[in-house]
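Take a look at the structure set out below.
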Amino acid sequence: MKNIQIKASSFFELLKLKDTSMWEIFAQMIDGDQKEIIFLDEEEKLLFTYLLPDNLARLEEDRKEFAQEYSEKLSGLN
């Protein structure tokens with residue numbers, strides 16, 4: 001498994017500038033091998049990780065699961 005380190009703030013700023021979603025970027029990274037994406041803060045401290053699946057079908061399942069969990073967390077804040 002390959003590890004990919006990403007500075008979270010720069011990554012999400014780039015997504016805003018390019019008006020694209022992280023799922024589109026993740027889809028472009030799929031090549032049949034599983035990868036661990038490691039998101040770091042500006043001080044190189046671990047924020048979170050994501051295991052990029054080896055196929056688009058699983059990525060779509062992850063996207064839906066993430067959207068559901070995110071929606072539930074947002075509704076809990078209201």
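Computed from the coordinates by the stated procedures, all read-outs in this text should not be read as laboratory data. Everything quoted here is computed from the prediction, not taken from an experiment. Every residue, glycine among them, receives a Cβ derived from its backbone with ideal geometry; neighbour counts consider all protein chains shown.
Some notes on this structure:
- Cross-chain or 6+ apart pairs with Cβ under 9 Å, region 55-78 first and under 13 Å from residue 21 (Cβ atoms), then assigned to a loop (DSSP other than H, G, I, E, B) and of a type in the set (S, T, N, Q): 63/21
- Residue in region 12-22 that is under 16 Å from residue 63 (Cα atoms) and touching a Phe, Trp or Tyr at 6+ places or on another chain (Cβ under 8 Å) present: yes
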